[in-house]
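Below: the structure, in structure tokens.
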Amino acid sequence: MGAEIVVVGIGADGWAGLSPAAQEAIAKADVLMGSARQLGLVPDGTAERRAWPSPLSEALPGLLAEYRGRRVCVLASGDPTFHGIGTTLVRLLGADAVRVIPHPSSVSLACARLGWAQEQVQVVSLVGYPTELVHPQVQPGRRLVILSWGARTPGEVAALLVARGYGASELTVLEQLGGPGERVTGTTAAEWAGDVDPLNVIGVLCADGPVLSTTPGLPDSAYESDGQLTKREVRAVTLSRLAPVPGQLLWDVGGGAGSIAIEWSRHHPTCRAIAIERDEERVRRLERNVAALGAKAAVVHGAAPAVLDGLEQPDAIFVGGGATAEGMIKACWAALRPGGRLVVNGVTLETESLIAQWYKELGGDLVRLDVQRASKVGGMTGWRPAMPVTIWSVTK
């Protein structure tokens, strides 16, 4: 069966920059869909024009159903399957029902102007996302290509870099790439100022600055906490047992400061987490930590296990608080996907006893971690032990 919808990538150069196949698809369409800006890039024809409603994600299924049976052509910016609507349409309709005619993406055009190898850059999309998602990618010497969400994004990115101690980073704003109004402006993050076109992409060459690695085990000082925090060394071991995998979802039950959820999410841009916390003040603190460290972590306020009902099924679950609540471990084990990992930490005798019972029933791996830190003892230095932590991990 032929494709029901043709998706045509179009750049700022408009009609003149399209291939003959793309121009033919537009000319033969009964219905032409796209943003008002994209529709304005192609000449008038006989096709009915339909500008995207807002919010598009909610309206799109109904819109597609309305025009079923007609030749529909969708205009998209650049490469429609790269952070574009082409991917959304394939997910809704299936690959056989969608034909994509790509145009060079804004990333490929930006790299061409900057002289950067595409395979050596990290792409960060801020379209519909908070600027803080840039945080995990800001590392010394790293090259970033950031997809803007309008004219304010360059200023917000510059301010974030300055606040992180990366004000000396080279910042290049590329506007209207490939079109007659193309403009490229280079400066440093600290010196950035000015108005830009809403259609822009940002290139960042990170200067030397403070390192907050995406490897598990950030300094405890990276978190705002009331003491309810999985400490650095325990956190690193715990996350090694949870085994973050790109695209997977974690539940962090008894989130506290949110360190496990946050460092799971920082492992890869597609890792997601849900942190569950019953204390209202800790919820607000957790949300601040999520924003400050740029994690893709949602926060749920409520008491587990009751609040777990209805949440998206997880690939891994960490229970750092409340393990002894009635039915907690049973509910978490039942919720896990096959192949999912459950990790439970305990410091009290009651939690250790519960862990021992479940370990006997389900098996897995059981370790006890003792950490000692150097500390002043008068004019000398000695070791001060932290509370030992029992870590039980098991795969479903």
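The values are calculated or read from the model by the stated rules, or taken from the named source; none is laboratory data. What you see is a predicted model; the values in this text were computed from it and never measured. Positions of Cβ are backbone-derived with ideal geometry, glycine not excepted, and every protein chain shown enters the neighbour counts. All accessible areas refer to the heavy atoms of the entire protein, side chains included, with ligands and DNA or RNA removed. Shrake-Rupley method; radii C 1.70, N 1.55, O 1.52, S 1.80 Å.
A few remarks follow.
- Subset of segment 225-248 that is aliphatic (A, V, I, L, M) and surrounded by fewer than 22 Cβ atoms within 10 Å (Cβ to Cβ) - its residue that is nearest to the chain's Cα centre (by Cα): Val245
- Scanning segment 289-314 for residues that are open to solvent by 60 Å² or more (accessible area, probe 1.4 Å) and either touching an Asp or Glu at 6+ places or on another chain (Cβ under 6 Å) or farther than 14 Å from Ala257 by Cα (or both) returns Lys296, Ala306, Asp309, Gly310, Glu312, Gln313.
- Selection status of Gly321, exposed (fewer than 13 other Cβ atoms within 10 Å of the Cβ) and of a type outside the set (Asp, Glu): no
- From Trp358, Trp333, residue being closer than 25 Å to Leu308 by Cα, under 33 Å from the mean Cα position of the chain (by Cα) and modelled with pLDDT of 95 or more: Trp333
- The set of residues in segment 95-123 being open to solvent by 60 Å² or more (accessible area, probe 1.4 Å), within 16 Å of Gly17 (Cβ to Cβ) and either among the small types (Gly, Ala, Ser) or assigned to a helix (DSSP H, G or I) (or both) consists of Ala112, Arg113.
- Matching residues, segment 255-280, being open to solvent by 10 Å² or more (accessible area, probe 1.4 Å), over 21 Å from Lys330 (Cα atoms) and assigned to a loop (DSSP other than H, G, I, E, B): His267, His268, Pro269, Thr270, Asp279
- Answer residue from segment 340-364, given it is in contact with a helix residue (DSSP H, G or I) (Cβ under 7 Å, 6 or more places away or on another chain) and within 23 Å of Gln313 (Cα to Cα) and is most open to solvent (accessible area, probe 1.4 Å) among those: Trp358
- At least 1 residues being in contact with a His (Cβ under 6 Å, 6 or more places away or on another chain) and of a type outside the set (S, T, N, Q) is the threshold, and among the strands (runs of 3 or more DSSP E) wholly inside segment 161-254 not one reaches it.
- From the options Val121, Val145, Val98, Val162, residue that is touching a residue at least 12 places away in the same chain (Cβ under 8 Å), more than 30 Å from Ala297 (Cβ to Cβ) and not aromatic (Phe, Trp, Tyr): Val98
- Breaking point among (1) open to solvent by 30 Å² or more (accessible area, probe 1.4 Å); (2) free of Cβ contacts under 8 Å to residues at least 40 places away in the same chain; (3) assigned to a loop (DSSP other than H, G, I, E, B), for Leu92: (3)
- When segment 28-64 is filtered for residues that are closer than 17 Å to Val90 by Cβ and aliphatic (A, V, I, L, M), the ones remaining, listed by number, are Met33, Leu56, Leu60, Leu63, Leu64.
- Flag for Ala298 being small (Gly, Ala, Ser), under 30 Å from Gln137 (Cα atoms), within 19 Å of the chain's Cα centre (by Cα) and part of a strand (DSSP E or B): yes
- Contact map, segment 195-217: first residue of a type in the set (S, T, N, Q), second residue open to solvent by less than 60 Å² (accessible area, probe 1.4 Å), Cβ cut-off under 7 Å, separation 6 or more or different chains; pairs are Asn200/Ser148; Asn200/Pro154; Asn200/Val173; Asn200/Leu174; Asn200/Glu175; Thr214/Pro136; Thr214/Arg266.
- The requirement of being out of contact with any Phe, Trp or Tyr (no Cβ under 6 Å at 6 or more places or on another chain) and in a loop (DSSP other than H, G, I, E, B) is fulfilled nowhere in segment 282-290; no residue meets it.
- Subset of segment 173-198 that is in contact with a helix residue (DSSP H, G or I) (Cβ under 6 Å, 6 or more places away or on another chain) and over 24 Å from Ile10 (Cα atoms) - its residue that is least open to solvent (accessible area, probe 1.4 Å): Ala189
Quick grid of which residues meet (1) closer than 21 Å to Leu199 by Cα; (2) among the acidic types (Asp, Glu); (3) at pLDDT 90 or above:
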residue	(1), (2), (3)
Val8	yes, no, yes
Val31	no, no, yes
Arg49	no, no, yes
Leu56	yes, no, no
Arg68	no, no, no
Thr81	yes, no, yes
Gly86	yes, no, yes
